[in-house]
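Comments concern the structure below.
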Amino acid sequence: MARETVHLVQAYTAGRGQALKSEPAVACATAEDARRKAERLSTLRLGVVAYSASADTEMGDYDENPVILFRAGRLPPPFDEL
């Protein structure tokens, strides 16, 4: 399958101790949809990031350098260093 651009929102809640627990990633139709969804979630979650990446979804192969569309709150690496 050919590579395509995917737009994802990943939210995080509190885990054990200081750890973060990731919620299932949510796929969005467009980059703008992902940014808006992440903005809304940012008031409800400990951390949230929206990003676009080139991917071969059948193989589970995602670009190592996603384009960050929005981020807020506490995030794990590599999203905390961008």
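The values are calculated or read from the model by the stated rules, or taken from the named source; none is laboratory data. As the structure is a prediction and not an experimental result, all values here were calculated from the model. Positions of Cβ are generated from backbone atoms using ideal geometry, with glycine treated the same way; all protein chains shown enter the neighbour counts. Ligands, DNA and RNA are excluded from the accessible area calculation, which covers all protein heavy atoms including side chains. Shrake-Rupley method; radii C 1.70, N 1.55, O 1.52, S 1.80 Å.
Tabulated values for the structure
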quantity: Residue satisfying condition, being open to solvent by 50 Å² or more (accessible area, probe 1.4 Å) and within 10 Å of the chain's Cα centre (by Cα), within set P66, P77, P24; calculated: P24
quantity: Test set (1) in contact with an Asp or Glu (Cβ under 7 Å, 6 or more places away or on another chain); (2) open to solvent by 70 Å² or more (accessible area, probe 1.4 Å) - A53 fails condition number; calculated: (2)
